[in-house]
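> Below you will find the structure I want to go over with you.
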Amino acid sequence: MLKTAFKFILYDKPKSIGALAGVVMSVFLVGQQTGIFIFLINAMSVLVRNNSEYIWVVDNKTTNANALSTLDMRLGREIESIDGVEKVYPFVFVSGSAKFANGKSTGIGIIGTQAPDFAGGPWNVVIGKPELLVQNGAIFTEYFDKNTLGGAEPGDYFEINGRQVFIAGQTKGVRGFANPAFGFTTIERARSLANLPNSKASAFLITWKKGADPAQVIALINQEISGVRAWDSQEFAKETIITVLSSSGIAISFGTLIVFALIVGFVIIGLTLYSAAIDRIRDYGTLKAIGATNGYLRRLILTQAMIFAVVGFTIAYFLIEGFRNGIANTGTIFEHPLWLKITFFLVTLLIAFLGSLFAIRRITSLEPAQVFRG
């Protein structure tokens with residue numbers, strides 16, 4: 001069966017290349033769009049995902065980690081009194097305007113954390129150590145934000161909200177969603193740069209005592225402290241993503257592109273296999289005349305479709321990996337999980353098999369005697 005299917009494929013190389021191109025195009029577009037979508041989802045929840053070892057306490061109306069309301073620092077002391085709470089770390093996330101020596105300016109998200117623990121960041125540090133942030137005006141910036149930040153290098157000075165800072169270190173791979181760039185500094189300096197009173201914080205990051213149940217700690221905080229809501233980090237990350245997606249057209253946009261990519265693959269494969277079947281109608285008719293059943297012909301056409309799917313997926317996968325590695329150099333970093341790769345392959349098979357139905361319907365309705373008439 002496999003040998004015969006290969007012979008049918010190789011007989012008409014242009015049409016076979018067309019069907020293969022349809023599979024490759026469809027899978028590549030789906031892989032490309034889902035990859036960028038994964039990157040955006042990760043960027044939406046970057047603050048929470050990189051601080052997943054903490055319980056997050058935020059304003060009780062906040063469902064988006066990218067838009068945190070301010071909390072009174074006195075709430076932190078109340079939270080410390082909750083049974084099971086080990087330590088409370090204030091966390092500040094504010095926006096600012098950065099201006100550089102070359103005249104460029106951009107928005108910047110400023111993350112302020114408390115020395116010496118620096119709970120909440122910086123993370124993925126590649127140049128410097130968090131302890132350097134205690135220097136006057138020190139800030140850590142992101143390697144991939146270099147162009148956004150006017151080409152500033154470690155050691156360079158620039159202004160945030162009219163106040164001078166310098167780059168004491170760099171992170172790599174910290175990409176946000178709501179701000180063009182990220183900057184890490186001490187909580188005191190973040191407040192100063194944003195004119196935020198020392199009595200305010202954006203959130204509290206909570207650790208729990210050994211042996212305590214974090215779910216119980218979360219429940220107690222929500223029960224006993226008014227005006228705030230404690231979140232498990234995974235739940236808060238999910239809620240942030242849902243909030244952003246529901247308030248934007250990102251999901252619809254990417255979903256539409258993916259659906260159209262699948263349709264393109266289905267149509268190209270279907271029309272190509274149907275056209276190839278019409279061109280070789282005498283061969284299929286001859287097979288039926290010498291005893292081939294409709295079941296055998298169905299399997300023959302499905303085998304051809306499977307070959308197109310396997311070869312096309314393999315080519316498309318290498319193209320997707322090339323695309324992923326290429327844009328990773330610009331800071332757009334994503335990884336397709338194993339279950340998604342398997343889904344890609346199964347969808348590829350489904351597209352090829354559905355596309356083959358056009359040819360199957362035409363061939364199985366063929367009467368052998370038709371091919372021998374003038």
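> Has the stretch 192-206 got any residue that is among the β-branched types (Val, Ile, Thr) and over 28 Å from LEU245 (Cα atoms)?
Of the residues in the stretch 192-206, the ones among the β-branched types (Val, Ile, Thr) are 206.
Among the residues that remain, those that are also over 28 Å from LEU245 (Cα atoms) are: none.
No, every residue in the stretch 192-206 fails to be among the β-branched types (Val, Ile, Thr) and over 28 Å from LEU245 (Cα atoms).
> Continuing with this model, one more query. Determine which single condition ASN136 fails, assuming it passes every other condition in (1) exposed (fewer than 13 other Cβ atoms within 10 Å of the Cβ); (2) within 28 Å of the chain's Cα centre (by Cα); (3) free of Cβ contacts under 8 Å to residues at least 40 places away in the same chain.
Failing condition for ASN136: (2).
> Looking only at residues that are outside any strand (DSSP E or B) and of a type in the set (Gly, Ala, Ser) in the stretch 85-120, which one is farthest from ILE160 (Cα to Cα)?
Going through the stretch 85-120, the residues outside any strand (DSSP E or B) turn out to be 100-104, 114-120.
Adding the requirement that they be of a type in the set (Gly, Ala, Ser) leaves 101, 103, 115, 119-120.
Numbers: ALA101: 12, GLY103: 13, ALA115: 21, ALA119: 23, GLY120: 21 Å.
Result: ALA119.
> Quick one: count up the residues across the stretch 248-259 that are at pLDDT below 80, among the hydrophobic types (A, V, I, L, M, F, W, C) and either more than 13 Å from ILE36 (Cβ to Cβ) or touching a Gly at 6+ places or on another chain (Cβ under 6 Å) (or both).
Qualifying residue count for the region: 0.
> Quick test of your reading of the structure: LEU257 fulfils all but one of (1) under 16 Å from the mean Cα position of the chain (by Cα); (2) open to solvent by less than 70 Å² (accessible area, probe 1.4 Å). Name the failing condition by number.
Tallying (1) under 16 Å from the mean Cα position of the chain (by Cα); (2) open to solvent by less than 70 Å² (accessible area, probe 1.4 Å), LEU257 fails exactly one: (2).
> Given the condition closer than 30 Å to PHE177 by Cα and either touching a Gly at 6+ places or on another chain (Cβ under 7 Å) or modelled with pLDDT of 90 or more (or both), answer yes or no: does some residue in the stretch 270-282 qualify?
As a first pass, look at the stretch 270-282 and keep what is closer than 30 Å to PHE177 by Cα: none.
So far as the stretch 270-282 goes, no, none of its residues is closer than 30 Å to PHE177 by Cα and either touching a Gly at 6+ places or on another chain (Cβ under 7 Å) or modelled with pLDDT of 90 or more (or both).
> Same structure, new question: Just to be sure before I move on: is SER253 among the polar types (S, T, N, Q) and touching a residue at least 24 places away in the same chain (Cβ under 8 Å) in the structure I sent?
Numbers: among the polar types (S, T, N, Q): yes; touching a residue at least 24 places away in the same chain (Cβ under 8 Å): no.
Answer is no for this residue.
> Just for the stretch 196-223: of the residues that are touching a Phe, Trp or Tyr at 6+ places or on another chain (Cβ under 8 Å) and polar (S, T, N, Q), which one is nearest to TYR54 (Cα to Cα)?
The initial filter retains those residues of the stretch 196-223 that are touching a Phe, Trp or Tyr at 6+ places or on another chain (Cβ under 8 Å), namely 201-207, 214, 217-218.
If we keep only those that are polar (S, T, N, Q) too, we end up with 202, 207.
Working: SER202: 15, THR207: 5 Å.
The extreme case among them is THR207.
> Just name the residue that is nearest to ALA305 (Cα to Cα) out of those in the stretch 1-28 that are modelled with pLDDT under 80 and polar (S, T, N, Q).
Initial filter on the stretch 1-28 (modelled with pLDDT under 80): 1-16, 18-19, 22.
Next cut, polar (S, T, N, Q) only: 4, 16.
Details: THR4: 13, SER16: 10 Å.
Ranking the qualifying residues of the stretch 1-28, first place goes to SER16.
> Further question on the same structure: Quick check, is PHE184 among the aromatic types (Phe, Trp, Tyr) and not in a helix (DSSP H, G or I)? Steps first, please.
Working: among the aromatic types (Phe, Trp, Tyr): yes; not in a helix (DSSP H, G or I): yes.
Here the answer is yes, as PHE184 does meet what is asked.
> For the stretch 67-84, state whether one or more residues are open to solvent by 10 Å² or more (accessible area, probe 1.4 Å), modelled with pLDDT under 90, in a loop (DSSP other than H, G, I, E, B) and within 23 Å of THR243 (Cα to Cα).
For the stretch 67-84, residues open to solvent by 10 Å² or more (accessible area, probe 1.4 Å), modelled with pLDDT under 90, in a loop (DSSP other than H, G, I, E, B) and within 23 Å of THR243 (Cα to Cα): present.
> Looking only at the stretch 205-236, filter to residues that are of a type in the set (Phe, Trp, Tyr) and open to solvent by less than 60 Å² (accessible area, probe 1.4 Å); which one of those is nearest to the chain's Cα centre (by Cα)?
Within the stretch 205-236, the subset of a type in the set (Phe, Trp, Tyr) is 208, 231, 236.
The next check asks that each one be open to solvent by less than 60 Å² (accessible area, probe 1.4 Å); those that pass are 231, 236.
Details: TRP231: 22, PHE236: 17 Å.
Looking at the filtered set, the residue picked out is PHE236.
> Pairs under 8 Å by beta carbon, first residue surrounded by fewer than 14 Cβ atoms within 10 Å (Cβ to Cβ) in the stretch 184-199, partner part of a loop (DSSP other than H, G, I, E, B), six or more apart or different chains?
Close Cβ pairs satisfying both conditions: ASN195/ASN161.
> Could I ask something else about it? Scan the stretch 300-335 for residues that are open to solvent by 60 Å² or more (accessible area, probe 1.4 Å), modelled with pLDDT of 85 or more and not hydrophobic (A, V, I, L, M, F, W, C) and report the count.
Summing the residues that are open to solvent by 60 Å² or more (accessible area, probe 1.4 Å), modelled with pLDDT of 85 or more and not hydrophobic (A, V, I, L, M, F, W, C) in the stretch 300-335 gives 4.
> Filter the stretch 10-42 for residues that are open to solvent by less than 50 Å² (accessible area, probe 1.4 Å) and more than 25 Å from ILE342 (Cβ to Cβ) and give the result.
ASP12, SER16, GLY18
> Collect the residues in the stretch 139-181 that are open to solvent by 60 Å² or more (accessible area, probe 1.4 Å) and assigned to a strand (DSSP E or B), keeping them in residue-number order.
Result: TYR157, GLU159, ARG163, GLN164.
> Yes or no: the stretch 237-246 includes at least one residue that is touching a Leu at 6+ places or on another chain (Cβ under 6 Å), within 30 Å of LEU68 (Cα to Cα) and either hydrophobic (A, V, I, L, M, F, W, C) or open to solvent by 30 Å² or more (accessible area, probe 1.4 Å) (or both).
So in the stretch 237-246, the residues touching a Leu at 6+ places or on another chain (Cβ under 6 Å) come out as none.
Within the stretch 237-246, not a single residue is touching a Leu at 6+ places or on another chain (Cβ under 6 Å), within 30 Å of LEU68 (Cα to Cα) and either hydrophobic (A, V, I, L, M, F, W, C) or open to solvent by 30 Å² or more (accessible area, probe 1.4 Å) (or both).
The values are calculated or read from the model by the stated rules, or taken from the named source; none is laboratory data. Keep in mind that what you see is a predicted model, and the values were worked out from it rather than measured. Because the Cβ atoms are built from the backbone with ideal geometry, glycine has one as well, and the counts that use them run over all protein chains shown. Each accessible area value is taken on the protein alone, full model and side chains, heavy atoms only, with ligands, DNA and RNA left out. Shrake-Rupley method; radii C 1.70, N 1.55, O 1.52, S 1.80 Å.
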